[in-house]
C-alpha cells in the first residue's frame, strides 16, 4: 500500500465533507495497519460496555423494562448505524484501491505475516 494518511483523509473528506477524520498508518514488517477515527460513529467503549451489561441482564431475566429497555434499543440502533458507516467507509476506500487484505494459512487459518492490510475504524473521543 503506497497511500499515506493524508491521502486517505482527503479521500474520506471528499466523500463525507460534514465529518471529521483522523488517520494514522503503522507499518510493521510487511504488514500495514490503518487507524481511522471519525465522528461518524456513535458508539464509544463505555457505551459498548453498557450494551454488554444490558445484554447480560436480558439473558438472565429474559426481558428488560423501563429505562433499561429504552437504552438497549437505542444502543442496538447505534451499533447497526456504526456497522453501516464502517461498511460505507471501507467501500469508499476500496474504490480508491485501499482495501483490507488478510493472508491466512490454508490449513491452520493462521494469519501470515506478510502483505496484510488491517483497517480499524473507531469513534473520535
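Only the coordinates and a few stated rules stand behind these numbers; no lab work does. These figures come from a predicted structure and were not determined experimentally. Counting neighbours? That spans all protein chains shown, and the Cβs are built from the backbone with ideal geometry, glycine included.
Which residues, counting only those in the range 84-119, are under 16 Å from residue 35 (Cα atoms) and assigned to a helix (DSSP H, G or I)?
85, 86, 87, 88, 89, 90, 91, 92, 93, 94
If you take the residues in the range 24-39 that are within 16 Å of the chain's Cα centre (by Cα) and free of Cβ contacts under 8 Å to residues at least 60 places away in the same chain, which one is nearest to residue 113 (Cα to Cα)?
Residue satisfying both the conditions and the ranking: 25.
State the number of residues belonging to the range 48-73 that are crowded, with 17+ Cβ neighbours inside 10 Å and within 30 Å of residue 8 (Cα to Cα).
So the answer is 0.
Look through the range 8-44, keep the residues that are surrounded by fewer than 17 Cβ atoms within 10 Å (Cβ to Cβ) and out of contact with any strand residue (DSSP E or B) (no Cβ under 9 Å at 6 or more places or on another chain), and return whichever of them is farthest from residue 124 (Cα to Cα).
Here the answer is 28.
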